[in-house]
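Notes to accompany the following structure.
None of the figures in this text is laboratory data; all of them are computed from the coordinates on show. What you are looking at is a predicted structure, and each value in this text was computed from that prediction instead of being measured. Every residue, glycine among them, receives a Cβ derived from its backbone with ideal geometry; neighbour counts consider all protein chains shown.
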Amino acid sequence: MRLREIRPQLYAGAVLPLTAPLWAGPRSFDAYVAQTLEIARGPYGRRYYRTLGLYDGATLVASFKRYERTIRYQSEPLQAVGFGAVFTPEEYRGRGYASVMLATALDAARDDGHDVAFLFSDIRPQFYSALGFTTLPSRRFLLRADTLPSMRLQLSHLRDDDWRSVRRIYDRGEENRRAGFARSAAVWNWIATKMRHRSEHPTGQPANLVVRRGGRIVAYVFGVRAARLDAYLLDEFGFTDSWSAAAIPALLRAAAGDLQRVTGWLPPAGAREVMPKLTVRRRNDAVFMMVPLSAAGQDLLRDATATGADFCWATDHI
């Protein structure tokens, strides 16, 4: 058995027809393929994203997506590798192929000098625990939109030329956190592409808003207005100062509009504190898990476990 890269076009033909029922959602198959290939061929994909498979002889028996990210930990960069879309065709399940594939990938990442591996588990986190992954806090919040304060804000929808300001605001927020995902220009391009694809929220209307003050963007929010759920689904927000931090609850109310609820992943430390009192519960999907591959990775995992805070925004989901 060998682990080897699957070129994007081959992956589209060999794997996507099998995974479409799981992950295409309401997208047509052609759209699912086109969007997957766009990620692979974009600035982030060309450098940091690969599709790999485990081959038993000439037969592809399992596959996954591999993402390179940098995690900033106490101002130091750690090299991280993320695993997504782990898949075994039905006829090959129960033979341990996925375990062999991921164990081989972890060994290769360790040998390449990576500090940590991570993933988001939708089913059977115990499968990944057997490979050494530790489950970190993964929670969802809920609040009533009409309990949020109103505030006169200079609002506009996110435009293409706003991304530079959004990146600046995100970086400023990360300065106050001990650990979190760093975002290069390529990562931001990947995030913007996913938002345009609406792959995380197949239904609903995007409501990505920015707040301006004195001619500058001082806060933003990413999310989707899902009328079917009567809720605004929050993915991320950011702010620059005490005034814009205090404006976040009003910004969420404005994003929700006439919808009754605001919900989403619990914001990480430093952002959760600006939210009002929340109803919080454990997520059953996209459970964040991590395994250390170096001494620095062990320190990161120990710290992330001890803080008890959720590690990242929904926009970092793979």
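What does the charge count near Q35 come to, summing +1 for each Lys or Arg and -1 for each Asp or Glu among other residues with Cβ under 15 Å from its Cβ?
Computed value for this residue: +3.
From the square roots a ≥ b ≥ c of the eigenvalues of the alpha-carbon gyration tensor of segment 140-282, which class results: rounded (a/c under 1.5), prolate (a/b over b/c), or oblate?
Because its axes are fairly even, with a/c under 1.5, segment 140-282 counts as rounded.
Report, in whole Å, the centroid distance computed from the Cα atoms of segment 123-189 and segment 46-91.
22 Å
Given axes a ≥ b ≥ c from the Cα gyration tensor, I'd like to know whether segment 18-64 is rounded (a/c under 1.5), prolate (a/b larger than b/c) or oblate.
oblate
Sorted by mean Cβ packing within 10 Å, highest first, what order do the peptides 14-26, 75-87 take? List each step's numbers first, then the result.
Details: 14-26: 14.4, 75-87: 18.2.
Ranked by mean Cβ neighbours within 10 Å, highest first: 75-87, 14-26.
Please compute the net charge surrounding A185, taking Lys and Arg as +1 and Asp and Glu as -1 over other residues with Cβ under 10 Å from its Cβ.
Once all neighbours under 10 Å are counted, the net charge is +3.
With the cut-off at 1.5 for a/c, could you classify segment 242-318 from its C-alpha gyration tensor as rounded, prolate or oblate?
Note, shape of segment 242-318 comes out prolate.
Going by alpha carbons, how many degrees (0 to 90, nearest 10) lie between the helix axis of 29-41 and the longest principal axis of the chain?
Value to nearest ten degrees: 90.
How high is the relative contact order of segment 140-282, in percent, counting Cα pairs under 8 Å that sit 6 or more residues apart?
37 percent
For the pair R283 and L22, what calculated FRET efficiency results from E = 1/(1 + (r/R0)^6), where r is the Cβ-Cβ distance and R0 = 22 Å, to the nearest 0.05?
Rounded to the nearest 0.05, the efficiency is 0.75.
Listing D56, D160 from the residue with the fewest other Cβ atoms within 10 Å to the one with the most, what is the order? Provide the component values of the computation, followed by the final result.
Numbers: D56 14, D160 7.
So the ranking, lowest neighbour count to highest, is D160, D56.
So how tilted is helix 97-111 from the main axis of the chain? Cα-based, degrees 0 to 90, rounded to 10.
Around 70 degrees separate the two axes.
Would you give the gap between the C-alpha center of segment 1-26 and the C-alpha center of segment 198-246, rounded to a whole Å?
After rounding, the separation between the Cα centres reads 32 Å.
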